[in-house]
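Quick one: structure below, then a few questions.
The values are calculated or read from the model by the stated rules, or taken from the named source; none is laboratory data. Every value quoted in this text rests on a predicted model; they were computed, and no experiment measured them. A quick note on method: Cβ atoms are made from the backbone with ideal geometry, for glycine too, and the neighbour counts reach across all protein chains shown. For the accessible areas, the whole protein counts, side chains as well, though only heavy atoms, and no ligand, DNA or RNA atoms are used. Shrake-Rupley method; radii C 1.70, N 1.55, O 1.52, S 1.80 Å.
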Amino acid sequence: MYPDGRYNINFDISAIFLSLFLLIIYFRSRRKGRNMSKLFMGIIYFLHITAIMDLIQVVMRNDPSCFNYYVETVSIFLSHIIHNSLACMYTMYIIHMTRTNYLMTKRQKMIFFIPEAVLIIFSVIPVLQKQLYVLERDGNYIRGPLYNLYFYVVVIYFIISLYVLIRYRRALGDNLIYTWIFYGGSAASVLISATHPYLRAALYLQTLCALGVFIAIENANTLFDNESGAMTGYALIKEAEILYTGRYTSSVISIKIPNMDYYFSIFGRSNVFELIRGITSYLRFLGGQGCNIYYPSSGIITMLLYNMSEKKAVEMAETIRQRFNKKWDVPGMNVAVPMQICVTTIPDKVMNVDQLMAIAGSGYNPLIKEPVYVVDGINSEKRLKSVEEAIRRGLRSRDMTVCYQPIIDTNTGSFRSAEALVRYTDEVIGAIPPEEFIRVAEHMGVIGKIGDIVFEKVCAFVAEQHPEQYGMDFISVNLSSVQCMDENLARRLTDIAGKYGTNTRRINLEISSDIFSYNEEMLERAVKGLRQSGFLISLDDFGEGDTDFENLIKHPFTSIKIDRKMLWQAGLEEKKDIILSHIIRMLKELKFTVVVEGVETEEQKNRLLKLNVEFLQGFLYSLPLSEDKFVELLQGM
């Protein structure tokens with residue numbers, strides 16, 4: 001208070017300019033999609049309006065010649081009702097920071113707003129308003145018998161804030177200290193307002209606290225990607241850290257769009273991101289208030305759905321899938337967009353932030369056929385560890401089984417060769433599906449060791465059973481890319497074959513087409529060394545991945561095996577059927593022996609016979625057989 005008894009206006013003027021500065025910065029930063037940020041913006045709005053109303057009152061009280069009863073009435077009404085609503089908004093902001101708003105039931109939310117609603121009712125209804133304050137015609141401001149209701153409501157909300165800060169402090173993480181400063185400064189402003197009303201410093205102190213929050217918390221969370229219209233992957237990481245700390249159940253839907261480079265090259269970057277923004281806008285509308293949208297990686301849009309069950313998330317994913325079945329019409333594009341939708345829940349099915357980002361941030365997976373699928377990361381991790389332990393036991397005991405799937409000669413109708421396939425039944429977890437077994441072994445880096453075990457078992461089988469006496473030309477053994485990168489591969493395999501007295505010409509080594517993405521020089525040396533050692537070499541999985549036709553001529557392959565997926569897709573789409581037909585004709589003109597795997601139906605068989613394919617392999621002819629049953633099959637021929 002000034003010595004002459006007038007009110008101090010300097011703090012109100014400072015609060016007006018400071019809050020205006022925050023609003024300008026806030027709008028220039030173009031924040032979107034975060035309810036917490038919108039709430040913070042509302043707090044700044046309220047501070048700015050209250051400071052203006054407060055300044056009007058102070059000017060008129062300091063200079064009676066400026067007094068206007070109606071202006072004073074409106075300014076007091078707005079100042080009281082807006083300023084006292086800030087306590088409720090501060091508490092809501094803290095609740096949003098800890099994400100406990102997603103844990104509150106509808107009833108709890110209604111109870112939360114009761115003190116604020118009571119205050120608004122008393123402020124709006126004239127009869128009740130007189131219990132709070134009275135403004136006389138001469139400008140005399142008189143506090144009513146219930147004036148302390150303002151302070152009681154503020155105290156209630158500060159107690160709620162204190163409880164939330166203590167109860168859910170871990171969810172604040174690095175922001176805990178800044179939140180306590182914000183809370184303490186706001187509480188101090190209330191005390192100053194009650195004890196030193198002439199000082200008028202409360203609004204300035206509250207605005208100063210808001211500036212601190214903006215710098216320390218809100219500005220640190222400027223994680224919006226304007227190109228995609230969504231928040232960044234880093235924003236997803238920070239949000240997930242809060243959810244895991246508080247153990248809040250939420251669902252995650254990740255939409256994965258393949259071949260983004262293709263869209264960029266055809267439609268241009270600006271048009272593609274216009275499409276992405278259109279998709280994120282649709283998802284934001286679909287998800288509503290309890291949803292945040294992220295763009296963690298190219299072609300991946302992730303929805304974080306607070307307090308949503310897996311069942312509802314799957315239903316929402318199905319709605320999204322149906323929308324993607326229609327074309328997206330955006331400026332410059334009218335296009336159907338293929339996608340996969342991954343659904344999971346945290347923390348129930350994803351154990352930590354790293355695993356969540358691995359799931360949500362991984363790209364389109366062509367091996368997954370379902371358009372909508374659920375990922376159980378925790379059980380998957382447990383299963384992965386169990387399979388890894390099983391593989392280690394299998395490597396120590398070397399009791400992995402080799403099965404043989406016959407390959408039929410279409411000219412004679414007899415089996416002329418077979419593919420050796422590894423199978424493993426662990427003593428603890430039982431039989432492991434071969435796709436899972438191979439994938440985990442590659443992940444562990446032991447696929448090469450398993451390949452050596454299989455090769456040695458095949459050599460022993462050929463030496464003991466002499467399948468050539470039953471008309472078998474050779475046994476095919478798969479080589480992994482890891483084995484092919486070994487400079488001593490040819491010598492090691494030759495030594496193993498020599499150990500059992502196995503003729504290397506009775507072994508056909510199948511090399512997967514994905515090997516060309518590795519060191520080509522080492523591959524060329526490995527293949528050359530194997531051919532010089534007498535092994536037959538064939539290219540496996542042709543048609544899958546990025547097979548380069550130049551490599552067909554560059555390397556001395558004796559046969560080409562066409563991947564099963566190519567055969568199956570040809571039965572579904574006419575264009576892919578045409579491609580398969582032309583590839584088979586081309587390979588035959590290049591004098592390659594053609595083998596097609598995955599033959600399961602008579603229709604497939606007849607189609608391939610018309611194309612004069614020499615060798616067929618698949619369940620239509622035989623399942624993979626144990627060594628004894630395979631020998632029985634050969635003996636019965």
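Antiparallel DSSP bridges in segment 293-450: what percent, to the nearest 5? Before the final figure, lay out each step's value.
Details: 17 of 20 bridges.
Of all bridge pairs located within segment 293-450, approximately 85 percent are antiparallel.
Could you report the accessible area of Val454 in Å², rounded to 10, computed with a 1.4 Å probe on the protein chains as they sit in the structure?
Answer for Val454: close to 10 Å² accessible.
Right, something else. Highest first, please rank the peptides 134-146, 461-473 by the mean number of other Cβ atoms sitting within 10 Å of their residues. Could you put the intermediate results ahead of the total?
Working: 134-146: 11.2, 461-473: 16.3.
Most protected by this proxy first, the peptides run 461-473, 134-146.
Take the alpha-carbon centre of segment 558-637, take the same for segment 455-518, and report the distance between them in whole Å.
If we compute the Cα centre of each part, the gap is 22 Å.
Same structure, new question: Counting Lys and Arg as +1 and Asp and Glu as -1, each charge on the Cβ, what is the dipole of segment 373-472 about the Cα centre in debye, to the nearest 20? Display every interim value, and only then the final one.
Numbers: 12 positive and 16 negative charges, 43 e Å.
Result for segment 373-472 is approximately 200 debye, rounded to the nearest 20.
Please list, or write none, the lysines whose alpha carbon is within less than 25 Å of the alpha carbon of Lys130, excluding same-chain residues fewer than 8 places away.
Output for Lys130: empty list, no partners.
Considering only DSSP beta bridges with both partners in the chain, what is the antiparallel share in %, to the nearest 5? Could you put the intermediate results ahead of the total?
Numbers: 41 of 69 bridges.
In the chain, approximately 60 percent of DSSP beta bridges are antiparallel ones.
Against the longest alpha carbon principal axis of the chain, how many degrees, from 0 to 90 and to the nearest 10, is the axis of helix 10-28 turned?
Value to nearest ten degrees: 20.
Given the C-alpha centroids of segment 95-139 and segment 283-326, what is the distance between them in whole angstrom?
Measuring centre to centre over Cα atoms gives 35 Å.
Using only Cα atoms, tell me the angle between helix 377-397 and the longest principal axis of the chain; keep it within 0 to 90° and round to the nearest 10.
Compared with the principal axis, the helix lies near 30 degrees.
What angle do you read, to the nearest 10 degrees and between 0 and 90, between the alpha-carbon axis of helix 447-465 and the longest principal axis of the chain?
Around 20 degrees separate the two axes.
Also: With charges set only on the Cβ (+1 for Lys and Arg, -1 for Asp and Glu), what does the dipole of segment 452-494 come to about its Cα centre, in debye to the nearest 20?
Working: 3 positive and 7 negative charges, 12 e Å.
Roughly 60 debye, rounded to the nearest 20.
Another question about this same structure. Mind ordering 338-345, 434-441 by average Cβ neighbours within 10 Å, highest first? Intermediate values should be presented prior to the final figure.
Numbers: 338-345: 21.2, 434-441: 16.8.
In decreasing order of mean packing, 338-345, 434-441 become 338-345, 434-441.
Place +1 on the Cβ of every Lys and Arg and -1 on the Cβ of every Asp and Glu in the chain, take the dipole about the Cα centre, and give the residue among Val350, Met41, Leu286 whose Cα lies farthest towards its positive end.
Met41
Tell me whether segment 314-467 comes out rounded, prolate or oblate; compute the Cα gyration tensor, take square roots of the eigenvalues as a ≥ b ≥ c, and use a/c under 1.5 as the rounded threshold.
Details: a/c = 3.40, a/b = 1.63, b/c = 2.09.
Here segment 314-467 falls in the oblate category.
Using unit Cβ charges (K, R positive; D, E negative) and no other charged atoms, how large, in debye to the nearest 20, is the dipole of the chain about its Cα centre?
Magnitude of the dipole: close to 2020 debye.
Which of the pairs Lys238/Lys449; Lys327/Lys369; Lys238/Lys385 have their Cα atoms more than 32 Å apart in this structure? Don't jump to the answer; show the numbers that get you there.
On the way: Lys238/Lys449 41 Å; Lys327/Lys369 21 Å; Lys238/Lys385 28 Å.
Where the Cα-Cα span goes over 32 Å, the pairs concerned are Lys238/Lys449.
Find the relative contact order for the chain and round it to a whole percent, using C-alpha pairs within less than 8 Å whose residues are 6+ positions apart.
Numbers: 932 pairs, mean separation 54.5, N = 637.
Contact order relative to length: 9 percent.
Related question: Would you calculate a helix-derived [θ] at 222 nm for the chain, using -39,500 (n - 2.57) for each DSSP H run of n ≥ 4 and dividing by the full residue count, to the nearest 500? Numbers along the way, then the final one.
On the way: 26 runs with 341 residues, N = 637.
Helix-only estimate at 222 nm: -17000 deg cm²/dmol.
Here's a follow-up. Which lysines have a Cα less than 24 Å from the Cα of Lys554, not counting those fewer than 8 places away in the same chain?
Qualifying lysines at Cα under 24 Å: Lys528, Lys588, Lys591.
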